[in-house]
Each structure stands twice: as C-alpha cells, then as structure tokens.
1. Straight-line reach from Lys43: which lysines have a Cα under 20 Å away, not including same-chain ones fewer than 8 places off?
2. So if I place +1 on the C-beta of Lys and Arg and -1 on the C-beta of Asp and Glu, and nothing else carries charge, what would the dipole magnitude of the chain be about its Cα centre? I want it in debye, nearest 20.
3. For Thr14, project a label point 7 Å along Cα to C-beta. Then give me every residue of the stretch 94-138 with its amide nitrogen under 12 Å of that point.
4. Among Thr115, Ser143, Thr173, pick out the residue whose Cα is farthest towards the positive end of the charge dipole of the chain, where Lys and Arg carry +1 and Asp and Glu carry -1 on C-beta, about the Cα centre.
5. Under a Cβ-only charge scheme (Lys and Arg +1, Asp and Glu -1), can you give me the dipole magnitude of the stretch 125-205 about the Cα centre, in debye to the nearest 20?
6. Calculated from DSSP H runs of 4 or more alone, at -39500 (n - 2.57) each and per residue, what is the 222 nm mean residue ellipticity of the chain, nearest 500?
7. Grab the beta carbon distance between Glu179 and Val6, set R0 = 22 Å, and tell me the FRET efficiency rounded to 0.05.
8. For helix 180-203, report the angle its Cα long axis makes with the longest principal axis of the Cα atoms of the chain; keep it between 0 and 90° and round to the nearest 10°.
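A short reminder: the numbers here are calculations on the coordinates, not readings from a lab. As the structure is a prediction and not an experimental result, all values here were calculated from the model. Using ideal geometry, Cβ is built from the backbone for each residue, glycine included, and neighbour counts are taken over all protein chains shown.
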Amino acid sequence: MFREIVVNVAEEETRVAVLEDRVPVEIYIERAINQRLVGNIFKGRVENVLPGMQAAFVNIGLEKNAFLYVEDALPARPPEINGMSGSALGSANICDILKQGQETLVQIVKEPIGTKGPRVTIHITLPGRYLVLMPTVDYIGISRRIESDKERERLKELAARVKPEGMGLIVRTVAEGVEEEELRQDINLLTKLWRKILSRAAYGP
C-alpha cells in the first residue's frame, strides 16, 4: 500500500488529504477564520531573556512575542517527556540555555490569550495516523489506552524497529493491531515532513 499526504494552502483555507494507493481516506479542512495556532512550528528569534521569570520572549512573526519557559527550553530527558525532575529543573538557568538573538525552532503549545502571546516549546511533536514523532528526544512510549500488556509489548518492539536513530516515538491508540509495514509507512511520512521543516528553517520556503 502506497500512502502519501497532499497539502493545499490557500488564503481562505488549508486542505490536507491522506491518500492510500492514490485514494483519499482522510480529508481535513481548516478555514482561516477558525485557524488555531497550537501545533504550528516556527523559526523564532530570542528577543529577551528574563532570568527573574526563568523564561524568554521569542519573536515568531506574530503580533505578540511567544513565551518560552525554561522547562520548555531544556533538552528532554526520557522518560520525563514533559519536563525534567524537580531537582534537575531547579538547577537550570534560562541564561545558560538561551541568548538574545539566538534562533531556534519552536512549536506552539498554548494559544495566545488577551495581551499574552502564545506559549512555545523547543520539543517538536509531529502527529501521524499511528505514531507521534518526537525529533528532539530518544524515547518510545505507548498510549495508555492500549491496556493489553501483550499488545503493548508487541507495539513497543515494532516501534523500536521503525524508530529513527536519536528520535522518539509515541504509539497512538489507533495503532492497536496494526502491523510493522503500516507503522513504517507512517514514520516515513513523518520523517520526510521533519526534513522539510528543517530545510525550510535553514534555507527558507
């Protein structure tokens, strides 16, 4: 089975189609009026580092600068995907991690509210149909909704086979019962997308 993702971006809306053997199996349409920012990835520039708040303002080209907390700027340490332990985090200093003028890829994790800009993280996640690719952390996780220990172990073994070196994967609930080839096709699409993101960040559109 040949799978591909087709994206069409227009001023009024964005259309995404997932094709299997050239036949559309999933279609998503997002109109500009309802457009959400969470999940979007930007190449940002650090405008200000705030040691008192252990955070930084990052210019990502929006009306308001994004807010990057120290826990969202630290290198991830598995299995604590969403941050480090309290003792490790307590010893971290934002000034040792980020400098004014530094460029970095960030992903929006919280929408802007009122006068506050969006919250961002350096830990990019790219969701696919069966897997979520985490390019910045070496880790394998299985959805907690998959309850069978036997199935969890099977999926963990399959994920280890298809996982790109140095990157992480989370196996989604919908992957239950799925075979290796389908996971491999999913991860191939996600790694291709990640390479495109890196290329655009380095060289522009």
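1. Result set, ordered by chain and number: Lys64, Lys99, Lys110, Lys116, Lys192, Lys196.
2. Values: 28 positive and 29 negative charges, 84 e Å.
Approximately 400 debye in magnitude.
3. 108
4. Thr115
5. Numbers: 15 positive and 13 negative charges, 87 e Å.
Rounded to the nearest 20 debye, it is 420 debye.
6. Details: 4 runs with 47 residues, N = 205.
That calculation yields -7000 deg cm²/dmol at 222 nm.
7. On the way: r = 24 Å, r/R0 = 1.11.
Efficiency, from the Cβ-Cβ distance: 0.35.
8. 30 degrees
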